[in-house]
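This is the structure I have questions about; it appears just below.
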Amino acid sequence: MLELKNISFNAGDKADIIKNVSLNIDENKFTVITGPNGGGKSTLARIIAGIIKPTDGKIYFCGNDITDMAITERARLGIGFAFQQPVRFKGLSVMDLLKIAAGKELNMDEACKYLSEVGLCAKDYINREINASLSGGELKRIEIATVIARDVKLAIFDEPEAGIDIWSFKNLINIFEKMRRERSDRTIIVISHQERILNIADDIIVIADGQVKKKGIRETIMPDIIGTPSAVGPCHKMV
Amino acid sequence: MQKIDEIQKRLFEEVADLHELPVGAYNLRANGELAGRKTTANIDIKTKTDKSGIDITIKPGTKKESLHIPVVLSESGITETVYNDFYIGDDCDVLIVAGCGIDNCGNQNSEHDGVHCFYIGKNSKIRYVEKHYGSGNGEGKRILNPVTEVYMEEGSSMEMEMVQIKGVDSTERKTIAKLDKNAKLIVRERLMTHGSQQALSIYKIELDGEGSSADVVSRSIARDNSYQKLDACIVGNAACSGHTECDSIIMDNGKILAVPSLQANNTDAMLVHEAAIGKIAGDQLTKLMTLGLSEQEAEEHIINGFLK
Ligand SMILES: Nc1ncnc2c1ncn2[C@@H]1O[C@H](COP(=O)(O)OP(=O)(O)O)[C@@H](O)[C@H]1O
Ligand SMILES: [Mg+2]
């Protein structure tokens with residue numbers, strides 16, 4: 001359902017950050033992308049969402065060439081993206097952002113449902129401004145809620161577990177499982193080094209130095225990466 | 001008494017949320033003339049005899065009452081200066097809604113300069129809302145130059161909300177306040193300028209009494225070729241606390257000059273100022289676009305939120 005064909009990205013004068021990457025992500029699969037920091041995972045996710053344009057290559061989504069499509073068009077086609085570093089908005093409340101995400105008016109109950117899925121008590125948060133008063137972990141959960149509130153075909157989560165150590169992995173995994181149950185043609189890509197998230201993957205892709213180093217079903221990739229920085233256990237400090 | 005026409009009705013709605021005559025006391029002014037007045041047992045309104053304007057007297061202990069005093073101009077070429085004095089007794093709790101709307105379809109300038117003086121008695125609580133609005137596509141300018149003076153006695157508090165979002169070509173707002181012991185002033189200003197509009201907003205707040213405090217927060221947006229100057233000065237003359245914050249977004253060729261100043265005349269005066277001017281953050285636009293908004297829609301949401 002998502003195909004990257006010979007994608008390269010160069011931010012300017014230096015070496016390519018993404019080097020001739022070709023990938024196929026199958027429909028209804030849960031794919032985890034791992035690999036060392038600085039390997040190019042977030043850059044690749046931003047290329048898929050349309051935030052940055054590849055210097056070379058083509059992107060196909062559900063059979064359509066989306067290489068030249070803007071962020072908005074891709075979002076409307078059903079691509080959702082939870083940022084690694086969520087954005088703060090002076091003046092917009094959590095409710096405002098959820099309404100924008102859902103693309104319609106929301107009543108209290110509907111908004112509360114999204115927030116409780118990410119482990120936030122709705123009445124404490126619904127009217128909060130998305131400003132500096134929210135902690136990194138709170139922002140991260142609200143970011144995830146904005147993707148849940150959209151009915152996306154492809155959801156990309158960039159290190160969703162970062163900074164939310166007080167919140168259990170179990171909840172996060174529940175979210176992914178529920179998203180898959182809700183829509184049979186839904187595809188999820190999660191960027192993460194966490195062993196517990198890798199453990200529920202159908203497919204795993206290892207990206208390092210701007211290239212695909214390994215790719216395959218979990219059962220074949222996991223033994224190679226377990227114990228490396230690409231698959232860290234829960235006792236490691238999450239960064 | 002002047003009869004209210006459709007344009008004036010719309011202006012009253014814009015500046016004072018009036019869809020019908022308000023409950024409580026009111027004084028409506030349209031094109032320089034009285035268009036409606038109601039007093040209550042506790043709130044008296046009298047026309048000044050020496051100059052244009054009204055004297056408002058609120059009896060001590062008046063609680064949960066409201067006073068609306070909106071002004072509208074719908075004829076081109078009116079220029080007026082109006083003096084309104086508010087004598088508020090001790091222990092009151094009152095909402096005052098002012099505001100001015102100008103519709104100018106003609107070629108001459110329309111100008112309303114409202115000079116408001118508040119004398120607030122001990123322990124009284126006042127909420128003051130003032131909205132400015134302009135419409136009409138004539139050559140004539142819509143000009144508003146409000147002066148607000150506030151004298152606050154011991155333990156009193158005032159919350160001022162000043163909003164000017166649309167259609168005023170030129171404005172120079174001056175707000176002066178003097179606070180006695182334990183008095184508390186909160187100001188929330190929202191300002192947006194378009195086209196070649198100019199807006200100047202000047203605050204001078206003197207914290208004279210021990211335990212007095214002021215919190216002035218201005219959020220503003222300058223679009224197109226508009227210009228804004230925000231000049232917020234807090235003077236601490238006692239053990240007091242003062243905070244000002246000017247937070248601005250510039251778009252297109254907009255220009256903003258923020259001139260914060262603090263003057264401490266007492267070692268126990270705690271004064272803080274924050275100011276930030278910048279364009280809309282690119283990642284804010286990006287985020288909203290990934291949620292399916294166009295760039296323009298994203299911009300509108302960010303602006304509306306910022307000015308909320
Ligand atoms: N816009 C950019 N300009 C220059 N360098 C960038 C830009 N975006 C990312 N990089 C660099 O590209 C590399 C990959 O970054 P990133 O995709 O964030 O990696 P990961 O998400 O795998 O940690 C890093 O070396 C980073 O510093
Ligand atoms: Mg990253």
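The values are calculated or read from the model by the stated rules, or taken from the named source; none is laboratory data. A quick note: this is a predicted structure, and the numbers were derived from the prediction, not measured. Here the Cβ positions follow ideal geometry from the backbone for every residue, glycine too, while neighbour counts run over all protein chains shown.
Filter segment B:270-298 for residues that are in a helix (DSSP H, G or I) and buried (at least 17 other Cβ atoms within 10 Å of the Cβ); which is farthest from the chain's Cα centre (by Cα)?
Within segment B:270-298, the subset in a helix (DSSP H, G or I) is B:282-290, B:295-298.
If we keep only those that are buried (at least 17 other Cβ atoms within 10 Å of the Cβ) as well, we get B:284-290, B:298.
Working: B:Q284: 29, B:L285: 30, B:T286: 33, B:K287: 33, B:L288: 31, B:M289: 34, B:T290: 37, B:A298: 28 Å.
Within segment B:270-298, the match that is farthest from the chain's Cα centre (by Cα) is B:T290.
While we're on this one: Applying the selection to segment B:79-112, what residues are modelled with pLDDT under 95, surrounded by fewer than 19 Cβ atoms within 10 Å (Cβ to Cβ) and of a type in the set (A, V, I, L, M, F, W, C)?
B:C105
Being of a type in the set (D, E, K, R), within 16 Å of ligand 1 (Cβ to nearest atom) and either more than 14 Å from chain B (Cβ to nearest Cβ) or more than 19 Å from A:A101 (Cβ to Cβ) (or both) is the filter here; which residues of segment A:150-204 pass it?
Passing the criteria: A:E159, A:E161.
Taking B:G101 as the residue in question, decide whether it is of a type outside the set (S, T, Y) and within 15 Å of B:V168 (Cβ to Cβ). Give the derivation first.
Values: of a type outside the set (S, T, Y): yes; within 15 Å of B:V168 (Cβ to Cβ): yes.
In short, yes.
Has segment A:134-154 got at least one residue that is assigned to a strand (DSSP E or B) and buried (at least 18 other Cβ atoms within 10 Å of the Cβ)?
Yes - at least one qualifying residue is present in segment A:134-154.
Same structure again: Sort out which residues of segment A:203-235 are surrounded by 14 or more Cβ atoms within 10 Å (Cβ to Cβ), polar (S, T, N, Q) and modelled with pLDDT under 85, and write them in order of number.
A:S230
Output the residues belonging to segment B:279-308 that are within 13 Å of another protein chain (Cβ to nearest Cβ) and touching a strand residue (DSSP E or B) at 6+ places or on another chain (Cβ under 7 Å).
Just the residues of segment B:279-308 that are within 13 Å of another protein chain (Cβ to nearest Cβ), to begin with: B:280-308.
B:I280, B:T290, B:I303, B:F306, B:L307, listed by residue number.
Something else now. Taking helices (runs of 4 or more DSSP H) that do not extend beyond segment A:1-108, which have at least 2 residues that are more than 14 Å from chain B (Cβ to nearest Cβ)?
Per the criteria, A:41-49.
Checking B:T267 against (1) assigned to a strand (DSSP E or B); (2) surrounded by fewer than 15 Cβ atoms within 10 Å (Cβ to Cβ); (3) at pLDDT 95 or above: exactly one of these is not met. Which one?
Result: B:T267 fails condition (1) only.
Taking into account only those residues within segment A:34-87 that are within 16 Å of ligand 2 (Cβ to nearest atom) and among the basic types (K, R), which is farthest from B:Q296 (Cα to Cα)?
Filtering segment A:34-87 for residues that are within 16 Å of ligand 2 (Cβ to nearest atom) and among the basic types (K, R), the one farthest from B:Q296 (Cα to Cα) comes out as A:K41.
Out of curiosity, is B:D224 assigned to a loop (DSSP other than H, G, I, E, B) and away from chain A (no Cβ under 14 Å)? Reasoning before the result, please.
Working: assigned to a loop (DSSP other than H, G, I, E, B): yes; away from chain A (no Cβ under 14 Å): yes.
So B:D224 passes the test.
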